[in-house]
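Novice: Dropping the structure in here first, questions after.
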């Protein structure tokens, strides 16, 4: 199959899509466009190895130059896509040039949600979303004995908190919800993470609102809604993200918390696809579902490539994501465990949390038990009987909660 395919966004979804197209036999032109001048790199290490070591984004390259040449991918770095002309099937770039396409794939990702309180633009306030911001935070953390306040107790906030603590700083995490990682994890896993951070002497403040950031030119403190003032040499904000869907919206494609697509990634324009964090998949209940994870980037890239190439549809698999904090790896498989009973099994030096409805496994979590991931993926996908999985796992049932 020949033709011209343009991909906007050189993160994991965009690169994986290119690789998948070549694997499926596409021999046409692939043009990968990225706003960052550096070559594509893996994003997960930004909040881990890059912050607390000498690792650089280039150490985690997604598409080294030799790999790009082998796949015949035209990579345009440091380029910003400005507009889509659907009538002529052309993508206009910020420098005034245009690139024609037969298919356009939008893998534009997300941008960090910004803090809106007073003082939020002071120096010393950081957001982590790309290589440049990770290196800025690392430079700030390289100075000794800093007071670090993390606003937001989701994955980004907690991973940055772990990195800052490993650099030897005093760290406080502020979360408006009553528990950390509440949007992603059941209560038991929130407790695992909160206890982990407290064991490393991080102060975790839940149910707490920020009123303002204090300082003249540079942040020096965080004032809470209660009036309490926390010293802060460094503030890192991780309060969620917003899909970068402007290109789609501006050319008239439907957008609702992301670019609306079907299961294969098609927008309402059959020549335009969206994949990765920016894609909001129309579900059977009518609500769009958007996921931000490494696994989702893989899955949506694979499905879009198969659709364009007319290859067989890939089988649905349970969503899966993970976080690494200190020496703890937590993996979660499946949808949110609302209304589930929970059984916790000691296994392989860690724990497996099984969430079941009607006696069948609906979701699972692995705490330092990653070698069981494949088995748990199958159990969730097959809605296996809880009793069978408990028997197969062996180990000791240390807790059961309904």
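The numbers here are math on the coordinates, done by the rules we state, and not lab data. The shown structure was predicted, so the numbers you read here are calculated from the model rather than taken from an experiment. Note that we place each Cβ from the backbone using ideal geometry, even for glycine, and neighbour counts take in every protein chain shown.
Novice: When each pair of different Cα atoms in the chain is counted once in the 1/r mean, what is the Kirkwood radius in angstroms, to one decimal?
Specialist: Values: mean 1/r = 0.0442 Å⁻¹.
After inverting the pairwise mean of 1/r, the radius is 22.6 Å.
Novice: While we're here: Take peptides 121-132, 161-172, 5-16 and line them up by average Cβ neighbours within 10 Å, highest first, as a rough protection proxy.
Specialist: On the way: 121-132: 17.2, 161-172: 21.8, 5-16: 26.8.
The densest-packed peptide leads the list: 5-16, 161-172, 121-132.
Novice: Sticking with this structure for a sec: One-quarter of the Cα convex hull surface for the stretch 1-120, in nm²? Don't skip to the answer; put the middle values down first.
Specialist: Working: hull surface 39.4 nm².
Here the figure is 9.9 nm², rounded to one decimal.
Novice: Take the Cα radius of gyration of the stretch 153-208 and divide it by 2.2 N^0.38 Å, with N its residue count; two decimals is plenty.
Specialist: On the way: Rg = 10.2 Å, N = 56, 2.2 N^0.38 = 10.2 Å.
For the stretch 153-208, the normalised Cα radius of gyration is 1.01.
Novice: Roughly what % of Cα-Cα distances in the stretch 327-401 sit above 18 Å, to the whole percent? Could you put the intermediate results ahead of the total?
Specialist: On the way: 759 of 2775 pairs.
More than 18 Å apart: 27 percent of the Cα pairs in the stretch 327-401.
Novice: Would you mind telling me the antiparallel percentage of the DSSP bridges in the stretch 148-256, rounded to 5?
Specialist: Values: 7 of 19 bridges.
In the stretch 148-256, approximately 35 percent of DSSP beta bridges are antiparallel ones.
Novice: Ranking request for peptides 142-150, 291-299: highest mean number of other beta-carbon atoms within 10 Å first, then the rest in descending order. Don't skip to the answer; put the middle values down first.
Specialist: Values: 142-150: 17.2, 291-299: 19.7.
Taking the mean over residues of other Cβ atoms within 10 Å, the ranking is 291-299, 142-150.
Novice: Oh, and also: Return the Rg/Rh value of the stretch 222-275, two decimal places, where both radii are evaluated on C-alpha atoms and Rh is the Kirkwood radius.
Specialist: Working: Rg = 19.1 Å, Rh = 14.3 Å.
Answer for the stretch 222-275: 1.34.
Novice: Please label the shape of the stretch 190-250 as rounded, prolate or oblate, based on the square roots a ≥ b ≥ c of the eigenvalues of the alpha-carbon gyration tensor (a/c under 1.5 means rounded; beyond that, a/b larger than b/c means prolate, else oblate).
Specialist: Oblate, since a/c reaches 1.5 and b/c is not below a/b.
Novice: Quick one: plug the Kirkwood hydrodynamic radius of the stretch 114-237 (C-alpha pairs) into Stokes-Einstein at 25 °C, 0.890 mPa s, and report D in µm²/s. Before the final figure, lay out the partial values.
Specialist: Working: Rh = 14.4 Å.
In µm²/s, the coefficient rounds to 170.
Novice: Given axes a ≥ b ≥ c from the Cα gyration tensor, I'd like to know whether the stretch 280-340 is rounded (a/c under 1.5), prolate (a/b larger than b/c) or oblate. It would help to have the intermediate numbers written out before the result.
Specialist: Working: a/c = 2.55, a/b = 1.48, b/c = 1.73.
Judged from the Cα gyration tensor, the stretch 280-340 comes out oblate (a/c at least 1.5, b/c at or above a/b).
Novice: Kindly provide the Kirkwood hydrodynamic radius of the stretch 100-182 in Å, to one decimal, from all pairs of distinct alpha carbon atoms. Mind dumping the intermediate values first?
Specialist: Numbers: mean 1/r = 0.0682 Å⁻¹.
When all Cα pairs of the stretch 100-182 are included, the Kirkwood radius is 14.7 Å.
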